[in-house]
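Below: the structure, in structure tokens.
The values are calculated or read from the model by the stated rules, or taken from the named source; none is laboratory data. Bear in mind that the values here come from a model prediction, so they are computed numbers and not experimental data. Ideal geometry is used to build each Cβ from the backbone, glycine not excepted, and the neighbour counts take in all protein chains shown.
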Amino acid sequence: MSAILFAAEYYPPFAPGGAEWSAAAWAQALVRRGHRVVVVTPNYGAPAREEREGVSVIRVPFPVKLAPGQTEAGWFAHRNPLFYLYFAWQLWRAGRAAGAGVIHSQGKGTLVPSWLAGRALHRPVVATIRDTGLLCPLGLCPLFERAATFDCHTGQYLGKCVPFFFEHYMPGASWLGRQRARLSLLLSWLDQRLRSAALRRVQGVIGVSRGILAIYPERLVDAARRGVVHTLPPRVSLPTEEEALAVRRRLGIGPGPLVLYAGKLSLGKGTRVFIEAMEAVRRAVPEARFALAGKGDLSVPPRDDLHVLGSIPQPDLFALYRAAEVVVVPSSWPEPLSRVLLEAMQLGRPVVATAVGGTPEAVEDGVTGLLVPREDARALGEAISALLRDPARRARMGEAARRRAALVFSEERIIASLLDAYAAAARREA
């Protein structure tokens, strides 16, 4: 039986974001259904070879060392020709030894190496799209453009994306700091041309939602190579009320109905919109409390009812879902398919989210949660307040969310779609 080769910039226990856990969930589900999966990833400081949930993990030598968790390597660690050539060679070695039938690129940095290795091995390559990073190095276009499809050409990048970045992410930088950043951004744009070339040439492109695929122009991803394979929800049981209360006490969250935001603190994730919406919630439900669980570079004003938790272990996060009355996903950018949505649904929590990207594919408005327009703090606050004031409605929505997760995002359905994508890519390679 030929193996499925996953090419990953990171793999647990090194997981800067939800993408790594999503890739691991796919790999483990494939193994449970009798397939052989080999993951090739840089070694940031773990055993060179190991089995994780039946998945063979090969960690190749790499100069960057990281602590397990959400720490990331530097900006150019996976964004340079030397890495592409080196990692392509490692993929070729692993693919030849394992008898790989398909190479599946799980991250932006592994796309070019996967394409190179696929050509050398004469094997089909499938790339996963989980964000806007293969359109633009900064991925900022959706924050200031209202187009349904984005095509970040040179004029757009230099004329809009880069100035937006300096205005919102480096407002107080020195002249020298801005020049260094400008050089890095120019080099990143050149690197982006390589990634775009590879994306146009791989045999299959998988989006984790129809919404994220829709924003990619036809010149990069033509209709014949597109397919959707949703992210898998986690395989976890609902934490008990005692576990939820214990985590809440340990994190110092006082009594009162809890509104949970889980994810990166950033403009694209809608953190500032959520903070603005809190005022309306406080007026409607004065006893409400708010928790932000995630890393990020946005400053958050201190308040007694607002708990900024930073990154917390997954078991604590799952227990915190159980402790929360409402989970909020207020994204401003076209959210591909947030793991927070799927985790909340799996654990029976109602969600208030923005109607962007793939979110409407997960949240059934008025049934499993509430959808509001992006960057509308008033609508967001009103929706959160409405659920906080209606326990019976929250309970109905939570149960409906759990049922929808089991039906729409079942492992059987998602893995069948993934195998179909591999088969289609193989036919195009033949």
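Annotations for the structure displayed:
- Selection within the range 27-52: residues that are basic (Lys, Arg) and in a loop (DSSP other than H, G, I, E, B). The member of this set that is farthest from Pro68 (Cα to Cα) is Arg33.
- Any hit, the range 302-311, residues being within 30 Å of Pro12 (Cβ to Cβ) and charged (D, E, K, R): no
- Residue that is nearest to Cys141 (Cα to Cα), among those in the range 265-274 that are in a loop (DSSP other than H, G, I, E, B) and of a type outside the set (Ser, Thr, Tyr): Gly268
- When the test is whether a residue is under 26 Å from Ala386 (Cβ atoms) and in contact (Cβ under 8 Å) with a residue 60 or more places away in the chain, Ala277 passes it.
- Strands (runs of 3 or more DSSP E) fully within the range 321-372 counting 3 or more residues that are within 16 Å of the chain's Cα centre (by Cα) and not hydrophobic (A, V, I, L, M, F, W, C): none
- The set of residues from the range 96-147 being of a type in the set (D, E, K, R), assigned to a loop (DSSP other than H, G, I, E, B) and within 24 Å of His230 (Cβ to Cβ) comprises Arg130, Asp131.
- Residues that are in contact with a His (Cβ under 7 Å, 6 or more places away or on another chain) and either more than 16 Å from Val37 (Cα to Cα) or among the basic types (Lys, Arg) (or both), drawn from the range 69-126: Gly109
- On inspection, Gly211 fails the criterion of being touching a residue at least 60 places away in the same chain (Cβ under 8 Å), touching a Lys or Arg at 6+ places or on another chain (Cβ under 8 Å), buried (at least 21 other Cβ atoms within 10 Å of the Cβ) and of a type outside the set (A, V, I, L, M).
- Given (1) on the phi < 0 side of the Ramachandran plot; (2) outside the structural domain of Ile129 (by TED's automatic domain parsing), index of the condition Tyr422 fails: (2)
- For Leu370, the criteria (1) farther than 17 Å from Val281 by Cβ; (2) buried (at least 19 other Cβ atoms within 10 Å of the Cβ) hold in every case but one, which is (1).
- Taking the criterion of being out of contact with any Lys or Arg (no Cβ under 7 Å at 6 or more places or on another chain), at pLDDT 90 or above and in a loop (DSSP other than H, G, I, E, B), the residues of the range 275-311 that qualify are Pro286, Glu287.
- Comparison of Arg394, Arg339, Arg389 shows that the only residue that is closer than 26 Å to Gln106 by Cβ, basic (Lys, Arg) and in the same structural domain as Leu267 (by TED's automatic domain parsing) is Arg339.
- Here Ala406 meets each of (1) surrounded by 17 or more Cβ atoms within 10 Å (Cβ to Cβ); (2) under 26 Å from the mean Cα position of the chain (by Cα) with one exception, condition (1).
- The condition (being at pLDDT 95 or above, of a type outside the set (A, V, I, L, M, F, W, C) and within 23 Å of the chain's Cα centre (by Cα)) is satisfied by just one residue among Pro61, Pro42, Pro16: Pro42.
- Arg93 vs. criteria part of a loop (DSSP other than H, G, I, E, B), assigned by TED's automatic domain parsing to the domain that holds Gln203 and surrounded by fewer than 16 Cβ atoms within 10 Å (Cβ to Cβ): no
- Taking the criterion of being within 22 Å of the chain's Cα centre (by Cα) and buried (at least 19 other Cβ atoms within 10 Å of the Cβ), the residues of the range 229-248 that qualify are Val229, His230, Thr231, Leu232, Pro233.
- For beta carbons closer than 9 Å, sequence separation of 6+ or different chains, a first residue in the range 170-188 that is surrounded by 14 or more Cβ atoms within 10 Å (Cβ to Cβ) and a second that is among the small types (Gly, Ala, Ser), the qualifying pairs are Ala181/Ala173.
- Residue match in the range 370-379 (condition: acidic (Asp, Glu) and farther than 18 Å from Val329 by Cα): no
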